[in-house]
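Scroll down for the structure; my scribbles are underneath it.
The values are calculated or read from the model by the stated rules, or taken from the named source; none is laboratory data. Quick caveat: nothing in here was measured; it's all calculated off a predicted structure. Every residue, glycine as well, gets a Cβ built from its backbone with ideal geometry; the counts of neighbours run over all protein chains shown. These area figures cover heavy atoms from the full protein model, side chains too; ligands, DNA and RNA do not enter into them. Shrake-Rupley method; radii C 1.70, N 1.55, O 1.52, S 1.80 Å.
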Amino acid sequence: MSFAELLDHVGGMGRFQIIYTILLAIPVFMMASHNLLQNFTAAISAHHCHVHINISNTPYTNLTGKLAAKDLLRVSVPMDSKQQPEKCHRFVTMQWQLLDSNATVTNLTELETEPCADGWVYDKSIFTSTIITEWDLVCDSRQLKQMAQSIYMAGILAGGIIFGGLSDRFGRRSLLIWCYLQMAVTGTCTAFSPSFTAYCIFRFLTGMAFSGIVLNGVSLSVEWTPTRTRAVVGTMYGYCYTIGQFILAGVAYAIPNWRWLQLVVSLPYFICFIYSWWFAESARWLVIAGRPDEAVKQLKRVARINRKKEEGNKLNIEVLRSNMQKEIASTKSSYTFIDLVRTPVVRRISFCLCFVWFSTSFAYYGLAMDLQNFGVNIFLIQMVFGAVDFPAKFISVLTISFIGRRFTQALTLILAGLSILANIFVPQDLKTLRTVLAVFGKGSLAASFNCVYLYTSELYPTVIRQTGMGLSNTMARLGSITAPLVKMLEEYIPFLPLIIYGAAPIISGIAATFLPETLNVPLPETITEVETRPRHLRGEEQQMKILLKPTMPDPAKEAS
């Protein structure tokens with residue numbers, strides 16, 4: 001009996017697993033609220049220089065008390081090419097002659113201007129307060145917005161490295177409880193940040209907690225649910241995140257103040273922290289960590305909740321150890337990061353997957369974090385961007401299951417890149433078409449994510465699977481960190497970010513064609529299996545060869 005069979009023996013997917021899965025899923029609904037939060041807390045409102053009134057020694061002194069706001073703005077701030085007030089400059093002196101309809105001004109560009117020395121005036125019709133309006137992250141400081149998002153993504157990367165290692169040492173449950181608390185505390189502190197520097201620090205710590213919650217939540221879910229239900233549970237978590245994008249749009253619409261919005265999406269994690277003390281530590285980890293007595297205790301608790309008390313009473317340390325000999329033996333083998341590039345086939349797999357993970361995350365966040373660029377209602381497009389994940393993931397599941405992983409991975413990336421590049425040639429005034437292309441690209445990237453998680457786990461052998469997943473996670477985080485920084489290049493060449501966002505998935509889509517197909521191929525256990533597997537065989541052909549081989553006649557026996 002293996003541990004999987006032992007888990008079935010104490011209830012399988014029973015009441016305990018259902019409750020456990022639901023409690024782990026609740027925080028996932030709010031994950032999107034933190035990942036995509038800066039679409040709203042850092043939304044850029046229409047703005048112009050604060051008008052300074054200097055009415056001395058002008059022929060219009062008697063009119064200033066009767067001037068409309070738009071007329072005062074006209075004589076104080078120059079207009080841009082779209083006849084909107086210039087965002088970063090104002091006239092050095094009030095240009096009163098612009099009020100006279102009979103006066104002629106030969107060249108407005110010759111009028112002397114200066115930067116906004118007295119601050120800015122912001123349109124507060126949609127957002128009453130954002131980090132942009134609070135700390136004036138516009139004009140010369142506009143790139144700080146993208147830097148703040150990159151700092152948050154760097155926190156996710158750091159959290160994956162730190163909490164991933166700590167969870168193997170101290171357990172999944174302890175780290176998950178801590179990360180819920182850290183998410184709640186640092187998210188709340190972010191809402192009360194006195195400065196932009198403090199905001200970035202707290203967002204970095206929030207990103208670390210985010211990564212810890214994902215890693216340890218997934219580990220506990222996988223290690224407490226039967227093998228046959230893991231795909232369903234994983235898909236459920238994916239859709240919980242998708243629904244979270246709808247929740248974010250609704251909450252952001254209801255709460256236009258960034259501090260209150262930040263607070264509302266952070267406080268629920270205090271509730272998660274409280275109920276997470278009920279969680280059971282992974283029995284698999286307890287045995288591997290040399291604490292089999294505690295593992296037996298947890299399994300008996302699971303059996304009791306699943307109404308399998310009699311089966312649970314039969315468990316003891318000897319039974320547990322005999323059922324987990326494979327897991328215990330695997331911990332004695334030493335494999336390192338070098339094994340990902342030591343042999344030719346695994347090295348090719350690692351390099352190709354690095355391209356795929358980096359570009360998928362890079363392009364995904366390049367689109368998802370730039371909603372205002374499409375010129376439509378930001379709340380509506382957030383919901384549309386979330387809704388497209390439902391059909392995208394469903395279609396990808398069909399193609400993954402019936403056509404193959406390699407085809408799905410390459411196609412989704414290439415389609416995403418082409419849709420992003422196509423937007424370069426669409427005029428800005430065709431907002432609907434630009435939005436449709438962006439939504440299609442985002443859906444393709446969501447399908448790519450859906451495929452690559454499964455594909456990566458099937459490509460790497462068991463002995464280095466977690467190491468390979470760790471490398472993949474690192475590349476994805478590097479992509480999400482880089483995405484906001486590339487956005488800064490539009491200051492020099494407006495269409496350059498779209499070229500980079502589009503080219504990256506196309507190149508990685510081509511790289512994906514060099515990966516082996518894994519459809520209907522058994523999971524490899526060792527590096528040798530991966531290296532010796534016939535490259536020319538499709539998955540179903542290889543499986544058929546395995547099935548037919550024992551039944552083929554032996555010519556030597558027939559001759560005798």
Residues satisfying the stated conditions in the stretch 146-165, i.e. surrounded by 19 or more Cβ atoms within 10 Å (Cβ to Cβ) and closer than 30 Å to ILE288 by Cβ: GLY155, ILE156, LEU157, GLY159, GLY160, PHE163, GLY164
Residues of the stretch 87-101 classified as open to solvent by 60 Å² or more (accessible area, probe 1.4 Å), at pLDDT 70 or above and either within 43 Å of the chain's Cα centre (by Cα) or over 18 Å from VAL51 (Cα atoms) (or both), total: 2
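Of the residues that make up the stretch 190-206, is at least one in contact with a Ser or Thr (Cβ under 8 Å, 6 or more places away or on another chain), small (Gly, Ala, Ser) and either touching a residue at least 12 places away in the same chain (Cβ under 8 Å) or crowded, with 23+ Cβ neighbours inside 10 Å (or both)?
Checking the stretch 190-206: at least one residue is in contact with a Ser or Thr (Cβ under 8 Å, 6 or more places away or on another chain), small (Gly, Ala, Ser) and either touching a residue at least 12 places away in the same chain (Cβ under 8 Å) or crowded, with 23+ Cβ neighbours inside 10 Å (or both).
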Within the stretch 335-354, tally of residues that are outside any helix (DSSP H, G or I) and more than 16 Å from GLU529 (Cα to Cα): 1
Candidates ALA254, ALA280, ALA329, ALA249, filtered to the one that is out of contact with any Pro (no Cβ under 7 Å at 6 or more places or on another chain), at pLDDT below 85 and among the aliphatic types (A, V, I, L, M): ALA329
Subset tally (residues that are surrounded by fewer than 16 Cβ atoms within 10 Å (Cβ to Cβ) and either free of Cβ contacts under 8 Å to residues at least 24 places away in the same chain or of a type in the set (S, T, N, Q) (or both)) for the stretch 497-519: 1
Selected residue (only one of LEU299, LEU263, LEU286 is touching a residue at least 60 places away in the same chain (Cβ under 8 Å) and open to solvent by 10 Å² or more (accessible area, probe 1.4 Å)): LEU263
The stretch 5-49 - residue that is in contact with an Asp or Glu (Cβ under 6 Å, 6 or more places away or on another chain) and at pLDDT 80 or above and, of those, nearest to ALA368 (Cα to Cα): SER45
Among (1) of a type in the set (D, E, K, R); (2) under 22 Å from GLY234 (Cβ atoms); (3) open to solvent by 40 Å² or more (accessible area, probe 1.4 Å), the one test that ASP429 misses: (2)
Answer from LEU398, LEU421 - the residue that is surrounded by fewer than 22 Cβ atoms within 10 Å (Cβ to Cβ), in a helix (DSSP H, G or I), touching a residue at least 24 places away in the same chain (Cβ under 8 Å) and more than 21 Å from the chain's Cα centre (by Cα): LEU421
In the stretch 133-145, the residues that are assigned to a helix (DSSP H, G or I), open to solvent by less than 50 Å² (accessible area, probe 1.4 Å) and over 11 Å from THR41 (Cβ atoms): CYS139, SER141
Residues (touching a Lys or Arg at 6+ places or on another chain (Cβ under 9 Å) and over 26 Å from PHE127 (Cβ atoms)) located in the stretch 9-48: HIS9, VAL10, GLY11, GLY12, MET13, GLY14, ARG15, PHE16
Answer residue from the stretch 262-306, given it is assigned to a loop (DSSP other than H, G, I, E, B) and out of contact with any Lys or Arg (no Cβ under 9 Å at 6 or more places or on another chain) and is nearest to THR190 (Cα to Cα) among those: LEU267
Restricting the stretch 307-326 to residues that are outside any helix (DSSP H, G or I) and either β-branched (Val, Ile, Thr) or at pLDDT 70 or above (or both), the residue that is nearest to HIS9 (Cα to Cα): LYS308
Pairs with Cβ under 7 Å, 6+ apart, first in the stretch 467-478 and within 14 Å of ALA154 (Cβ to Cβ), second among the acidic types (Asp, Glu) and not in a helix (DSSP H, G or I): none
Residue satisfying condition, being of a type outside the set (Gly, Ala, Ser) and either modelled with pLDDT under 70 or surrounded by fewer than 12 Cβ atoms within 10 Å (Cβ to Cβ) (or both), within set THR104, THR130: THR104
TRP260 out of contact with any Leu (no Cβ under 6 Å at 6 or more places or on another chain), among the aromatic types (Phe, Trp, Tyr) and farther than 30 Å from SER45 by Cα: no
